[in-house]
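Everything below concerns the one structure shown next.
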Amino acid sequence: MQKTFPQMTDSPEGRTIANGIFYDLFCFIVVPYFMYWMVWGLNDDRNTLTTIELIYHVINFLVVVFLFWRYLADSFLNFQIHTKECLITAIIGILIIGGWAVSVFLLGNSVENSLANLAAFSALPLPEMELQMLASDQLYYSPLFATICLTLCVPVIVCCLYYATGFAPVCSHNSWLAYLLVALMAALPRLISALTFWDPSGELVIYLCQLPIHLVACWTYQKTDTVWTPIITLAACNLLSCLALLLLF
C-alpha cells in the first residue's frame, strides 16, 4: 500500500500556497462572475467567446508561472533524478484517464439526451475552468490556438492551482484527506456556477466527468513526489484528446 500511495514530501512553501489560494478565488470565482456580465449578448458570437476563453488560459498561465516559478524549478530536480519512474507513472495515468474519457465519450454518445451529450465532450480536454464554452467547443472554433493552450498552459495551471495549492500540502500528513480536498476544490467553482447563472444539472455532469481525472493526476503527483508528473500526464491527455476531436470534427 505504501508503494501505491507513498509518503509525499514535495510541496510549495507557505507563501506560495497562500498566493495560490488567493488566485484560486480570483480566477475561479471572481473572474467567471464578472465575465458573465461582460459578454452579455454575445452568446451567439462563438468566435469572440472562444478568444476570451483562450486569453483567460494564457493570463492564468502567466500568473501561475510567476507565482510558482521557484517551486516548479525545485520540483523539476526530483523529476530529473527519477525520470524513468516519473514517465512510467505518467503513462499509467494517461492510460487510466484515457480509458475513462473514452468510456464517458462512448456512453454519452450512445444516449439521446442533452446531459449525456454534454458528458461526452466534458471529460477531455480538461480545462482549469470554463467561462462560457467547453474546451471541446474552444477546440472546434480555434483548433490551433486551443490545442496549444490546452496542451501547454492548462496542465501547469491545474497542477499548480489545484494540486500544488490544495493537494500537496495536505498529502504529506493525510493522503485521503488530500484527495477529498481536491474533490472539494474542483466542486467549489461548479457549485457557485450552479447557484448563480448556469444549469445545476449540467455543472454536476461536468464535475463528475472531470473528477476522476483530477484524482488520477493527483495520484501520479503523490506516487512520484514531483508536480511535473501530473503536468506531463494532463498535457499528454489533453493533446491526445485534442487530436482525436479534431479528427472527429
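Filtering ALA146, ALA168 for residues that are modelled with pLDDT of 95 or more and over 15 Å from VAL58 (Cα atoms) leaves a single hit, ALA168.
Let's see how each residue does on (1) open to solvent by 20 Å² or more (accessible area, probe 1.4 Å); (2) of a type in the set (Gly, Ala, Ser):
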{"site": "TYR56", "(1), (2)": "no, no"}
{"site": "PHE68", "(1), (2)": "no, no"}
{"site": "THR83", "(1), (2)": "yes, no"}
{"site": "CYS86", "(1), (2)": "no, no"}
{"site": "SER103", "(1), (2)": "yes, yes"}
{"site": "LEU106", "(1), (2)": "yes, no"}
{"site": "LEU118", "(1), (2)": "yes, no"}
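Reported count of residues in the range 42-54, each being open to solvent by 80 Å² or more (accessible area, probe 1.4 Å) and assigned to a loop (DSSP other than H, G, I, E, B), is 2. Of the residues PRO169, PRO189, which single one is within 13 Å of the chain's Cα centre (by Cα), of a type outside the set (Ser, Thr, Tyr) and more than 16 Å from LEU215 (Cβ to Cβ)? Sole residue among the options that is within 13 Å of the chain's Cα centre (by Cα), of a type outside the set (Ser, Thr, Tyr) and more than 16 Å from LEU215 (Cβ to Cβ): PRO189. The set of residues in the range 13-41 being over 14 Å from GLU53 (Cα atoms), open to solvent by less than 30 Å² (accessible area, probe 1.4 Å) and not in a helix (DSSP H, G or I) is empty. Scanning the range 141-164 for residues that are among the β-branched types (Val, Ile, Thr) and open to solvent by 10 Å² or more (accessible area, probe 1.4 Å) turns up THR147, ILE148, THR151, VAL156. The residues listed here are ASN78, ASN47, ASN43; of these, the one that is touching an Asp or Glu at 6+ places or on another chain (Cβ under 8 Å) and touching a residue at least 12 places away in the same chain (Cβ under 8 Å) is ASN78.
Among the residues of the range 180-200, those that are in contact (Cβ under 8 Å) with a residue 40 or more places away in the chain and in a helix (DSSP H, G or I) comprise MET185, LEU188, PRO189, ILE192, SER193.
The values are calculated or read from the model by the stated rules, or taken from the named source; none is laboratory data. Bear in mind that the values here come from a model prediction, so they are computed numbers and not experimental data. Note that we place each Cβ from the backbone using ideal geometry, even for glycine, and neighbour counts take in every protein chain shown. Surface areas here come from the heavy atoms of the whole protein model, side chains and all, with no ligands, DNA or RNA. Shrake-Rupley method; radii C 1.70, N 1.55, O 1.52, S 1.80 Å.
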